[in-house]
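Let me begin by presenting the structure, written as structure tokens, before commenting on it.
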Amino acid sequence: MPRLVILGKQGAGKGTQCALLVNHYDIPHISTGDMLRAAVAEGTELGLKAKQIMDAGDLVSDEIILGIVEERLAHPDTEKGFLLDGFPRTDMQAQALTEMLAPAGIEVAIDIEVPDEVVTERMLARGRDDDTPEAIQRRLELYRAETAPLLNFYSEQNVLVSVDGLGSEEEVQDRIIHAIESIS
Ligand code: AMP
């Protein structure tokens, strides 16, 4: 059963590719960004804490994120596999995820490669509340500093596939599915 992680900068097309992948494999889509946005919309305590951090393009604390992911992964629907989107984003989150899943691990970590200029243009065009030029810049910096090193982490475990994210949605999807099948 596929236990997948999707990496890649914001604006790399993760949202679209995730929707296609969870449909293809019939697995739950676990997006920490979506869960946080739902908490903000509901005005829960978590939402109140997270909103300012998200608007600034900063990262919500590992402690908060690990709490919500652990709770979500305990749900029985994840027994058939899952796609984690937007998590892990830091080394600490990746280590904690490995522990949570032990002795099984992530089967495939998918990286969607798109240049900074392209993701910046796409993010400005989608016009989300947290898509100010400053926040976009900040998220790209954090991606480079915190999340890009996870590519090595998964590459060392021989589960990383890197896919060119330029092209039509269908082209990118085909590349991802071929890459997953070549590894699992
Ligand atoms: P996303 O929808 O994945 O782009 O996430 C939107 C925002 O939620 C990010 O800019 C962060 O502020 C926060 N966020 C989502 N996932 C995480 C995570 N794994 N660790 C820390 N912050 C996160």
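In the list Asp62, Asp111, Asp116, Asp55, which residue meets the criterion of being assigned by TED's automatic domain parsing to the domain that holds Val40 and either more than 10 Å from the ligand (Cβ to nearest atom) or in contact with an Asp or Glu (Cβ under 8 Å, 6 or more places away or on another chain) (or both)? Just one listed residue meets the conditions, Asp55. Of the residues screened, Glu171 is not one that is touching a Leu at 6+ places or on another chain (Cβ under 9 Å), assigned to a helix (DSSP H, G or I) and among the charged types (D, E, K, R). Return a yes/no flag: does region 142-154 have any residue that is exposed (fewer than 12 other Cβ atoms within 10 Å of the Cβ) and touching a residue at least 40 places away in the same chain (Cβ under 8 Å). The answer is no; no qualifying residue exists.
Every condition in (1) in contact (Cβ under 8 Å) with a residue 12 or more places away in the chain; (2) within 12 Å of the ligand (Cβ to nearest atom) is met by Ile177 except one, and the failing one is (2).
Consider region 5-17 and keep the residues that are buried (at least 22 other Cβ atoms within 10 Å of the Cβ) and under 10 Å from the mean Cα position of the chain (by Cα). The one that is modelled with the lowest pLDDT is Gln10. Of everything in region 76-93 that is touching a residue at least 24 places away in the same chain (Cβ under 8 Å) and more than 10 Å from the ligand (Cβ to nearest atom), the residue that is surrounded by the fewest Cβ atoms within 10 Å (Cβ to Cβ) is Glu79. Just wondering, is there one or more residues in region 137-153 that are among the aromatic types (Phe, Trp, Tyr), in contact with a helix residue (DSSP H, G or I) (Cβ under 8 Å, 6 or more places away or on another chain), part of a helix (DSSP H, G or I) and farther than 22 Å from Gln173 by Cα? Yes. In this structure, Ala125 does satisfy being of a type in the set (A, V, I, L, M, F, W, C), out of contact with any helix residue (DSSP H, G or I) (no Cβ under 8 Å at 6 or more places or on another chain), loosely packed, with under 15 Cβ neighbours inside 10 Å and assigned to a helix (DSSP H, G or I).
The values are calculated or read from the model by the stated rules, or taken from the named source; none is laboratory data. What you see is a predicted model; the values in this text were computed from it and never measured. So basically every Cβ, Gly included, is an ideal-geometry build from the backbone, and we count neighbours across all protein chains shown.
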